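A.B. asks: Take a look at the following structure, please.
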Amino acid sequence: MTVLVTGATGNIGSQVIQHLVNHGAEVRALVRHPSKANFPAGVDLVKGDFLDVDSLHSAYDGVSTLFLLNAVAPDEFTQALIALNVARAAGIERIVYLSVIHPDVYVNVPHFAGKFGVERMIEQMRLHATILRPAYFIQNDLTIKDVITRHGVYPMPVGDKGLAMIDARDIAEIAALELLRREQAAQPLPFTRLNLVGPAALTGTEIAAIWTDVIGRHIQYGGDDTAAFEQNLKQFMPAWMAYDMRMMAERFLTDGMLPEDGDVERLTTLLGRPLRSYRAFASETTASL
């Protein structure tokens, strides 16, 4: 049977596809622009998107397992519900959904609240699914590497509660392993949730100290001004998204983004190796400059 990967051309989706191919799975990718897609040989491409129901019917034909990843968008919630309803009607009983950590805590953050609504649909409709709940992606900080290296400031308003930041490569590998577990099971497996976290919860000051060590000169933490953070984001993203990110940052300050007991050990066992660290990411990024 076939595993369908949505969000296939993004950072996570493309890596999930590579892992699945490496494990010999039959893979189909849902893409808006097939001519721009670059996947390993043998990956079946289907043109479509979540709001084109007819394209979903075509994409789901013959699919046994679905990886549902939809990007932050004003209609993200609607997209996900349509995708899941059509999958259910198509008889797809094996699902892995990429949500976000603590969506039941970050209740005022639009994309967190939307993902929590999707989780509730999956659970209440008794779909056989794994909910993956990743913390802050370490690779998000690639967008600010020039600010760090040129201006000596780590500008993300992380606060002092701590974020269990996780490498996107670990997220993709865990997602692929969970897809394979469900795909290869004799019967659809029970509903479950899995927090995806990094090996340590870091504060803004601690992250700046890591960059200081790696770069070899002092990097200052930029502080907790979420209003300024929003204004900076509005220079390169829509205003609604910048505000969404500000709301998320404010919850960083009040709640942090911390793992639950056993999360790190569970993921380490699943991967068969240690989780990648923020320090390793900072070293790799600096070496590539």
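A.B. asks: Assigning unit charges at the beta carbon (Lys, Arg +1; Asp, Glu -1) and nothing else, what dipole magnitude in debye, to the nearest 20, does region 181-289 show about its Cα centre?
C.D. replies: 420
A.B. asks: Counting other C-beta atoms within 10 Å, and keeping those with at most 14, which DSSP coil GluC sites (Glu not before Pro) do you find in region 181-289?
C.D. replies: GLU260
A.B. asks: While we're looking at this one, here's another question. Report the local net charge at THR78: Lys and Arg +1, Asp and Glu -1, summed over other residues whose C-beta lies under 14 Å from its C-beta.
C.D. replies: -3
A.B. asks: While we're here: Relative to the longest principal axis of the chain, what angle (0 to 90°, nearest 10) does the C-alpha long axis of helix 278-287 take?
C.D. replies: Roughly 80 degrees, rounded to the nearest 10.
A.B. asks: Same structure again: Where the centre of each part is set by its Cα atoms, how far does region 218-271 sit from region 124-180, in angstrom?
C.D. replies: Each part reduced to its Cα centre gives a spacing of 9 Å.
A.B. asks: Suppose R0 equals 45 Å; then what is the FRET efficiency for LYS234 and ALA185 from their Cβ-Cβ distance, rounded to the nearest 0.05?
C.D. replies: Values: r = 46 Å, r/R0 = 1.02.
In this case the efficiency is close to 0.45.
A.B. asks: Could I ask something else about it? Connecting C-alpha atoms closer than 10 Å in a GNM of the chain, tell me which of ASN108, ASN22, ASN195 has the biggest fluctuation.
C.D. replies: The residue that fluctuates most here is ASN22.
A.B. asks: Also: Subtracting the Cα-Cα distance from 0.36 nm times the residue separation, let me have the gained length for ASN38 to ASN85 in nm, one decimal.
C.D. replies: Fully extending the segment from ASN38 to ASN85 adds 14.1 nm.
A.B. asks: For region 231-289, run through the trypsin sites (Lys or Arg not before Pro) and keep only the ones in DSSP coil with at most 16 other Cβ atoms within 10 Å of their Cβ.
C.D. replies: Details: sites: LYS234, ARG246, ARG251, ARG266, ARG276, ARG279; in loops: LYS234, ARG276.
Those that pass, being in a loop and sparsely packed, are LYS234.
A.B. asks: Right, something else. Return the long-range amide H neighbours of TYR221 (sequence gap of 5 or more, or a different chain), with a cut-off of under 5 Å between placed amide H atoms.
C.D. replies: So TYR221 has HN proximity to TYR154.
A.B. asks: Net charge within 12 Å of ASP141 by Cβ-Cβ distance, Lys/Arg positive one each and Asp/Glu negative one each, not counting ASP141 itself?
C.D. replies: Result for the neighbourhood of ASP141: -2.
A.B. asks: Please order ILE166, ILE138 by the number of other Cβ within 10 Å, starting at the fewest.
C.D. replies: Values: ILE166 27, ILE138 24.
Least to most surrounded, the residues fall as ILE138, ILE166.
A.B. asks: Only Cα pairs under 8 Å and at least 6 apart count here; give the relative contact order of region 43-107 as a rounded whole percent.
C.D. replies: Numbers: 55 pairs, mean separation 23.9, N = 65.
The normalised contact order for region 43-107 reaches 37 percent.
A.B. asks: ALA29's amide H: which non-local residues (gap 5+, or another chain) put their own amide H closer than 5 Å, with H modeled 1.01 Å from N in plane and none for Pro or chain starts?
C.D. replies: Correct list: VAL5, ASP44, LEU45, VAL46.
A.B. asks: In nm, to one decimal, how far is the VAL153 label point from the HIS57 one, both placed 7 Å along Cα→Cβ?
C.D. replies: Placing both labels 7 Å along Cα→Cβ, they lie 5.4 nm apart.
A.B. asks: Sticking with this structure for a sec: From the residues ALA209, GLY198, ALA176, which one has its Cα farthest along the dipole of region 155-226 in the positive direction, the dipole being from +1 and -1 charges on Cβ of Lys/Arg and Asp/Glu about the Cα centre?
C.D. replies: ALA176
A.B. asks: Calculate how many DSSP beta bridges within region 36-180 are antiparallel, expressed in % of all such bridges and rounded to the nearest 5.
C.D. replies: Counting only bridges with both partners in region 36-180, antiparallel ones make up about 0 percent.
A.B. asks: Between THR2 and residues 5 or more places away or on another chain, which pairs have amide H atoms under 5 Å apart, with H built 1.01 Å from N, and which residues are they?
C.D. replies: Amide H neighbours of THR2, under 5 Å, 5+ apart: SER64, THR65.
A.B. asks: I've got another one for you. Could you work out [θ]222 nm for the chain from helices alone, using -39500 (n - 2.57) per DSSP H run of at least four and dividing by all its residues? Round to the nearest 500 deg cm²/dmol.
C.D. replies: Details: 11 runs with 129 residues, N = 289.
Only helices count here, giving -14000 deg cm²/dmol.
A.B. asks: While we're on this one: Could you derive backbone 3J(HN,Hα) for region 158-170 from the dihedral phi with the Karplus parameters 6.51, -1.76 and 1.60 (θ = phi - 60°), listing whole Hz in sequence and x where the residue is Gly or Pro?
C.D. replies: Once rounded to whole Hz, the list reads 7, x, 10, 7, x, 10, 7, 5, 10, 6, 4, 5, 5.
A.B. asks: In debye, nearest 20, what is the charge dipole magnitude of the chain about its Cα centre with +1 on Lys and Arg Cβ and -1 on Asp and Glu Cβ, if you could check?
C.D. replies: Its charge dipole is roughly 380 debye.
A.B. asks: Suppose R0 equals 41 Å. What FRET efficiency, 1/(1 + (r/R0)^6) with r the Cβ-Cβ distance, do ARG126 and LYS161 give to the nearest 0.05? All intermediate terms of the calculation are to be shown ahead of the outcome.
C.D. replies: Values: r = 35 Å, r/R0 = 0.86.
For ARG126 and LYS161, the calculated efficiency is 0.70.
A.B. asks: Further question on the same structure: What FRET efficiency comes out for SER283 versus GLN220 if R0 is 22 angstrom and r is the Cβ-Cβ distance? Round to the nearest 0.05.
C.D. replies: 0.65
A.B. asks: So in the chain, what percent of DSSP beta bridges are antiparallel if you round to the nearest 5?
C.D. replies: 5
A.B. asks: For region 116-177, what log10 I(q)/I(0) values come out of the Debye formula at q = 0.12, 0.29, 0.30 1/Å, with one point per alpha carbon and no solvent?
C.D. replies: Computed log10 I(q)/I(0) values: -0.48, -1.16, -1.18.
A.B. asks: Same structure again: Taking K and R as +1 and D and E as -1, what net charge do the other residues with C-beta under 11 Å from the C-beta of ARG169 add up to?
C.D. replies: -3
A.B. asks: I've got another one for you. Please give the charge dipole size of region 1-152, origin at the Cα centre, charges +1 on K and R Cβ atoms and -1 on D and E Cβ atoms. Round to the nearest 20 debye.
C.D. replies: 240
No lab work stands behind these numbers, since they all come straight from the coordinates. A quick note: this is a predicted structure, and the numbers were derived from the prediction, not measured. Note: ideal-geometry Cβ built from the backbone for every residue, glycine included; neighbour counts use all protein chains shown.
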